[in-house]
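Here the structure is laid out as structure tokens; the discussion comes afterwards.
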Amino acid sequence: MLCARRSLEPESVKQIRLLSTEDIDWDCLVNKACAHKLQFLLYRCLKSACSESLNHPALVQLDRLYLRNVAYSLRITRQFFEIMDLLGDHGIQAMPFKGPVLSELAYGDHTLRPIGDLDLLVDRQKAFRSLELLIDQGFRTELALDFEQFWAYSAKKNGMALYHPGSDLTLDLHWEMTGNYAFEPLVLSRMSLDMFQMDLAGRTLPQPCLETLLIYLCLCGTRDCWKDLESVSAVSGLIAGHHNWDWLKVQRIADRLRCRRMASLGLLLAFHLFDSNLPSTVLNTAADDPIVSNLASEVCQYLLAADESEAVANRKSKFSTFHIRARDRWPEKLRYCKHLLLNATDQEWRSFPLPAGLSFLHTLLRPLRLSMTFLSRTIGHKGPGIR
């Protein structure tokens, strides 16, 4: 926890050095850091605070992982720039988010987060053309859709995953950032008037205003039920790395997206777990909502648990009541349930390929598929007992 921060205060360095002299299970420490996606932050802080500890075999291996990730991050970032240049040459504005961009904004170094998929946001009207250009570059998708099918698909979905058979690069092309988790979509056209330019590896990239990014991280963390400590550490790092926060603007954006409770939850977690410097008004808003306090207590409990139980895993499901309780009002709760039950996923498009004119039937087919899946799992669980 001491190492999972943007920067180390002198007192934290003293604590880390003192702890490093105790009987630490270094293998366990590295495994926990990897599970919470904090292994590279851990490595950087140990190297700075107590480099003599890095002689342990587990930390020697972590050093190799870190150097490998640095090389991978540089290569992926270069490929990312090439993709953005390709789209830009065809008049398509694109904005990267998460991945190395978030690592730079939250930790001041684009190599300190494990990189999975690269995420790129374009306007929905440009999404199909972007897809065509990427396919021409060798990318592939799991769904083969013509223009009419894609237009029907993009009206309900927020992005499409692509992979490159010739490399380990995967790319998520988005036209909405939150996965339709917020009341108002976060789209490029609405954010373009309030952007700033950030530097990444010698390039200047557009980003939404910091207040919007902060709300997005809280939305994203809640959507994933705050599945690891890094999701909270990123919120804390973003707050610590930037000054002159407009907290009234944060509140206005949260109200507009109808996610004040989610924002309060993310900020309260950053305060409890990483001592984020937050104004009393923000903390009081969170404290005044007992549901936020209860949710924060639950998240802290399972994030700091020794082992993840099945009950914890169930809380992280998109069908968990966690998502209902995290909503501000009943209309938003009902909207989420409707979205969960009726909005077709890629699984429906794969299982029931339909022409664009019949794509509305996916609304009926999704609850049917969910019922069949639930019935199959129920029978499967009962099977051993019957036999």
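The values are calculated or read from the model by the stated rules, or taken from the named source; none is laboratory data. Only a predicted model underlies this, so the values are computations on that prediction, with no experimental measurement involved. Heads up, the Cβs are rebuilt from the backbone with ideal geometry, glycines too, and the neighbour counts pull from every protein chain shown.
Figures for the structure shown
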| read-out | value |
| --- | --- |
| ALA254 vs. criteria among the small types (Gly, Ala, Ser) and without any contact (Cβ under 8 Å) to a residue 40 or more places away in the chain | yes |
| Subset of region 190-226 that is part of a loop (DSSP other than H, G, I, E, B) and in contact with a helix residue (DSSP H, G or I) (Cβ under 8 Å, 6 or more places away or on another chain) - its residue that is surrounded by the most Cβ atoms within 10 Å (Cβ to Cβ) | TRP226 |
| Selection within region 169-189 - surrounded by fewer than 19 Cβ atoms within 10 Å (Cβ to Cβ) and of a type in the set (Phe, Trp, Tyr) | PHE183 |
| Qualifying residues in region 84-108 (those that are assigned to a helix (DSSP H, G or I) and farther than 17 Å from GLN207 by Cβ) - the one farthest from the chain's Cα centre (by Cα) | ASP89 |
| Extreme residue, farthest from the chain's Cα centre (by Cα), among residues of region 128-167 that are more than 19 Å from SER351 (Cβ to Cβ) and of a type in the set (Asp, Glu) | GLU148 |
| Complete set of residues in region 227-240 that are at pLDDT below 95 and assigned to a helix (DSSP H, G or I) | none |
| Those helices (runs of 4 or more DSSP H) lying entirely in region 270-383 with at least 2 residues surrounded by fewer than 15 Cβ atoms within 10 Å (Cβ to Cβ) and modelled with pLDDT under 90 | 310-315, 330-342, 346-351 |
| Check on ALA182, among the small types (Gly, Ala, Ser) and out of contact with any strand residue (DSSP E or B) (no Cβ under 7 Å at 6 or more places or on another chain) | yes |
| Residue within region 61-74 that is aromatic (Phe, Trp, Tyr), more than 20 Å from the chain's Cα centre (by Cα) and either modelled with pLDDT of 90 or more or outside any loop (DSSP other than H, G, I, E, B) (or both) present | yes |
| Top-ranked residue in region 139-189 [being in a strand (DSSP E or B) and not aliphatic (A, V, I, L, M); ranked as farthest from ARG252 (Cα to Cα)] | ARG140 |
| Residues (under 20 Å from GLY237 (Cβ atoms), touching a residue at least 24 places away in the same chain (Cβ under 8 Å) and in a helix (DSSP H, G or I)) located in region 34-60 | ALA35, GLN39, PHE40, LEU41, LEU42, ARG44, CYS45, LEU46, SER48, ALA49 |
| Residue that is surrounded by the most Cβ atoms within 10 Å (Cβ to Cβ) [pool: residues in region 75-93 that are in contact with a helix residue (DSSP H, G or I) (Cβ under 9 Å, 6 or more places away or on another chain) and in contact (Cβ under 8 Å) with a residue 60 or more places away in the chain] | THR77 |
